[in-house]
Amino acid sequence: MSQPQTVHQLDSDRPRTSIADDRLGFEAFARAVARSLHGLAPVDGFVAAIHGAWGSGKTSAVNMTLEALEQLGGEPTLIVRFNPWWFSGQENLIGAFFSEVTASLSGRISESVVDGFKAVARKSGAAKELLGAGLSLLPGGAVLKLLADAGIGLAVDWADDELSLDERRQKLRDALKNEGKRILVVIDDVDRLPADEARQIFRLVKSVADLPNVVYLLVFDREIARRALAQEADASGPEWLEKIVQASFDLPPPHERDLQDLFLQQLSQIVGNSPPIDPGRWPDVFHKAVAPWLRTPRDAARLSNAVAVVWPVVSDEVDLGDLVAIETLRLFEPKIYDLIRCNPSEVTGLRSEGLGRHESPEFAESLLAATPRGVIVKRALTTLFPRLQGVWSNHGYASGFLDIWDRARRVCSARRFAVSDLRAEHGREDEAEGVPEADRLVDASELVRIEEAIKRRFAADAASGALLNRPDLTTLLHRWLTHADEGVVRTWTAKQVETDAGALALAAAATRITKSQAFDSYALVESPNVHRDSLSKIVDVDRLVVRLDEIFDGEGRDGSSKRLVERFREGLAARN
């Protein structure tokens with residue numbers, strides 16, 4: 001089996017560090033932001049923000065902005081970088097911020113400024129419960145009164161310090177004025193934080209935004225930040241964000257051609273210069289079944305990493321273009337991928353004998369019903385599976401094409417399609433007898449190694465919380481079940497069920513919405529459906545129902561989870 005000619009380092013979230021590495025047209029944006037920041041020396045501090053969708057390359061743009069800032073010359077700007085995501089989950093996120101600031105400034109600015117930050121850090125550390133409770137640091141000693149009113153005890157650090165927090169802040173302000181040096185504090189990845197920690201960061205910035213000669217540059221997805229601040233208990237709400245940020249820069253979306261070139265460069269590093277690919281067919285496959293899903297740099301990185309893992313195993317068996325397209329569906333259209341994977345006889349080969357043009361279209365229509373991107377998915381699927389052309393356009397093929405597709409390693413060949421299911425070759429699936437050892441793509445030891453890697457990935461994502469946030473949660477849990485002990489999976493789901501977020505996430509993932517039309521009507525009717533037998537393999541359904549009832553009953557009439565719980569109940573009843 002051939003091997004890639006170069007080694008591809010897997011890294012799904014590696015930002016560019018230099019303007020020279022720019023592949024997405026960020027240089028002009030970075031230089032414009034740098035010029036704006038360069039002239040700022042605010043007497044009362046300043047807060048700016050770079051906005052961009054999650055995965056759009058914000059950190060790369062920030063790196064280029066800081067490089068451009070250094071190239072402008074003049075009085076140097078002292079740059080402090082703080083990534084709260086690195087400290088997420090720690091009890092004192094505020095203390096971590098001040099610790100990073102003081103460590104970064106030490107030796108670069110006068111001791112009076114560094115000591116001033118340290119003193120404010122001690123005072124703020126004692127008030128972390130106050131921030132966590134949804135209050136703000138207030139001047140004039142008001143913070144002490146609120147602490148007393150809330151019954152929060154004073155920290156030991158306060159005992160030997162006769163100055164109030166407001167007085168310490170004023171001493172720091174005086175030191176910064178006398179210093180005259182401009183400080184830029186970059187706070188990145190705010191949109192990766194849980195909502196409560198994101199709110200802490202915004203309140204922290206608000207509380208120290210008036211420090212002279214200090215500019216804060218926040219980097220986040222505006223919509224994610226708005227949702228983090230949009231809580232009924234917070235009277236300020238999303239509008240509060242506009243009061244904190246005084247200037248915003250919207251990261252321009254990368255041009256689609258630049259994203260495509262970025263992915264193709266990464267693909268070349270994986271497969272080398274002479275991969276087994278049909279050059280006459282590849283442009284159609286790429287532009288119809290891959291390119292539409294490359295919307296951010298992170299999309300390109302995720303797809304290239306997925307191909308890098310699979311390609312060494314199947315490089316002699318499957319056309320590269322088809323493999324890339326199938327991996328695209330697996331990552332970005334998981335419901336479509338699962339339907340295809342579980343129903344190979346509906347998509348491979350030719351149309352069923354004897355049915356001709358009257359072949360049933362139900363399965364093909366179920367594919368389109370499983371995605372809001374029906375038109376794009378239809379183009380992709382008909383490119384990969386000629387059989388579906390026969391359903392959607394009544395275009396047929398002669399039997400001789402079966403051999404042609406198989407020799408071309410097309411995924412529409414039933415034998416090539418089966419390459420994606422290595423376990424079945426070894427008789428490791430229900431009702432699977434396996435294939436002769438000489439015809440298997442990998443030997444038993446290699447299969448075990450792959451399975452162990454998959455189990456480790458599932459365990460890591462489950463522990464970090466990433467698994468719970470996936471829209472295809474139940475599908476992934478069933479996959480986990482095929483590689484791990486049932487008790488491991490059910491122990492994890494049982495723990496999630498006891499939290500409101502976990503119970504709602506499981507219910508949302510388990511509820512499938514189908515759309516249909518009544519006879520002689522154009523109106524689409526949505527019908528929820530929950531497959532209890534399938535769901536019971538991964539979670540205690542009865543306990544989940546109890547928890548959802550508790551959440552539903554405890555929420556107001558217009559609660560956000562009400563509709564979700566109602567649909568789950570209705571879908572569960574529909575299958576009983």
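The values are calculated or read from the model by the stated rules, or taken from the named source; none is laboratory data. Quantities reported herein were computed from a predicted structural model and do not represent experimental measurements. With ideal geometry, Cβ positions are generated from the backbone for all residues, glycine too; neighbour counts draw on all protein chains shown. The protein model used for the area step is the full one, side chains on, heavy atoms only, and it has no ligands, DNA or RNA in it. Shrake-Rupley method; radii C 1.70, N 1.55, O 1.52, S 1.80 Å.
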Out of (1) of a type in the set (S, T, N, Q); (2) modelled with pLDDT of 80 or more; (3) in contact with a strand residue (DSSP E or B) (Cβ under 8 Å, 6 or more places away or on another chain), what's the single condition that is false for GLN517? (2)
Could you identify the single residue in ALA503, ALA494, ALA507 that is in contact with a Lys or Arg (Cβ under 7 Å, 6 or more places away or on another chain) and of a type in the set (A, V, I, L, M, F, W, C)? ALA503
Cross-chain or 6+ apart pairs with Cβ under 9 Å, segment 534-547 first and open to solvent by less than 60 Å² (accessible area, probe 1.4 Å), then polar (S, T, N, Q) and at pLDDT below 90: SER534/THR474; LEU535/THR474; ILE538/THR474; VAL539/THR474
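Filter segment 84-105 down to residues that are open to solvent by less than 30 Å² (accessible area, probe 1.4 Å) and either at pLDDT 85 or above or among the aliphatic types (A, V, I, L, M) (or both), then give me how many there are. If you could, list the steps in order and put the result at the bottom.
First pass over segment 84-105, keeping only residues open to solvent by less than 30 Å² (accessible area, probe 1.4 Å): 84, 93-98, 101-102, 105.
Narrowing the set further to residues that are either at pLDDT 85 or above or among the aliphatic types (A, V, I, L, M) (or both) leaves 93-94, 96, 101, 105.
Final tally of qualifying residues: 5.
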Does ARG512 satisfy the criteria of being under 28 Å from the mean Cα position of the chain (by Cα), at pLDDT below 90 and open to solvent by 50 Å² or more (accessible area, probe 1.4 Å)? yes
Can you tell me how many residues in segment 474-502 are in contact with a Ser or Thr (Cβ under 9 Å, 6 or more places away or on another chain) and open to solvent by less than 30 Å² (accessible area, probe 1.4 Å)? 3
Subset of segment 370-388 (residues that are open to solvent by 10 Å² or more (accessible area, probe 1.4 Å) and either under 18 Å from SER413 (Cβ atoms) or not aliphatic (A, V, I, L, M) (or both)): THR371, PRO372, ARG373, GLY374, LYS378, ARG379, THR382, THR383, ARG387
Quick check on segment 40-47. Is at least one of its residues open to solvent by less than 60 Å² (accessible area, probe 1.4 Å) and at pLDDT 85 or above? yes
Answer with yes or no whether SER36 is hydroxyl-bearing (Ser, Thr, Tyr) and either part of a strand (DSSP E or B) or surrounded by fewer than 21 Cβ atoms within 10 Å (Cβ to Cβ) (or both). yes
Single residue of ARG302, ARG295 found to be open to solvent by 40 Å² or more (accessible area, probe 1.4 Å), modelled with pLDDT of 85 or more and not in a helix (DSSP H, G or I): ARG295
Among the numbered conditions (1) open to solvent by 20 Å² or more (accessible area, probe 1.4 Å); (2) under 16 Å from THR474 (Cβ atoms); (3) at pLDDT 75 or above, tell me where GLU570 comes up short. (2)
